[in-house]
Amino acid sequence: MQLTCNQQIVGSNPTRGLEGFSVENTVEKIKEAVSKAFDTGTHLNIAKATEKIAKKLGLSERWVEYTHIEFRNKMNEIAYKKVPYNERLLFLPHCMRNATRCKAIYDSEGLQCVCCNECKIGSIKAIAKELGYKGIFVCPGGSIVLELVNRYKPKAVLGVCCYKEAMIAFDVLKDIGVAPQAVLLSRAGCINTEVNTEEVIEKLLLKE
Ligand code: SF4
């Protein structure tokens, strides 16, 4: 895959894994536990299933949120995979931009990233563009996301966001028949937030 924004794609996740485990191994353990819950049918009550995994693995709050989102992703994965790339939208949060060096300007469709390589937004955008995603938006908030969903009418949406935004988005998108997937920010906040690029790419590429 050729990138148009000369930026190397390197996954990075500054959060810490479970005691004695790397972040990657922690993610793997959670994914395994979620898959097992699916196989046994215990995922039907997500809150209870998450609580059970949290107790078993001794998860911190951040990892409990991750597990909860992993359940919701899993429940929507089959529908999401069926949607071709050109019927999907990608939403990235503007808080991921390099707050001091970003020269991009805002318009009615969010921040118009010019791929200056000063943050991960440009490289993720390049991959989604190469895959043929219907739209890639860098948004300052949830209300503009909804506006853009109504305007472009996608059949699936991938969003990078914080836990609360993801929970709202899953409910809203479900109500309008759009298949969602979410990747949580690995460092949330108002500026210079972070995401694990590899997780985003994995979701971007998902297909049947
Ligand atoms: S890659 Fe895009 S969003 Fe990131 S700093 Fe450059 S112009 Fe701004």
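The values are calculated or read from the model by the stated rules, or taken from the named source; none is laboratory data. Not measured: the values here are computed from a predicted model. Counting neighbours? That spans all protein chains shown, and the Cβs are built from the backbone with ideal geometry, glycine included.
For region 18-27, what are the residues that are more than 22 Å from the chain's Cα centre (by Cα) and either among the small types (Gly, Ala, Ser) or modelled with pLDDT of 85 or more (or both)?
Restricting attention to region 18-27, the residues satisfying the condition of being more than 22 Å from the chain's Cα centre (by Cα) are 19-21.
The one that is more than 22 Å from the chain's Cα centre (by Cα) and either among the small types (Gly, Ala, Ser) or modelled with pLDDT of 85 or more (or both): Gly20.
Specify the residue that is surrounded by the fewest Cβ atoms within 10 Å (Cβ to Cβ); the eligible residues are those in region 174-205 that are over 17 Å from Cys139 (Cα atoms), at pLDDT 95 or above and touching a strand residue (DSSP E or B) at 6+ places or on another chain (Cβ under 7 Å).
This residue is Lys203.
If we keep just the residues of region 123-142 that are out of contact with any Ser or Thr (no Cβ under 9 Å at 6 or more places or on another chain) and of a type in the set (Gly, Ala, Ser), which is farthest from Ala188 (Cα to Cα)?
Gly132
With respect to Ile30, is the statement that it is touching a strand residue (DSSP E or B) at 6+ places or on another chain (Cβ under 6 Å), modelled with pLDDT of 90 or more and not assigned by TED's automatic domain parsing to the domain that holds Ile124 true?
Numbers: touching a strand residue (DSSP E or B) at 6+ places or on another chain (Cβ under 6 Å): no; modelled with pLDDT of 90 or more: yes; not assigned by TED's automatic domain parsing to the domain that holds Ile124: yes.
No, not satisfied.
With the condition being closer than 18 Å to Val200 by Cα and away from the ligand (no atom under 16 Å from the Cβ), I'd like the helices (runs of 4 or more DSSP H) fully within region 71-187 carrying at least 3 qualifying residues.
Counting at least 3 such residues, we get 163-175.
Somewhere in region 54-64, is a residue assigned to a helix (DSSP H, G or I) and β-branched (Val, Ile, Thr)?
yes
If you go through region 55-85 one residue at a time, how many are surrounded by fewer than 19 Cβ atoms within 10 Å (Cβ to Cβ), out of contact with any Leu (no Cβ under 9 Å at 6 or more places or on another chain) and among the polar types (S, T, N, Q)?
0
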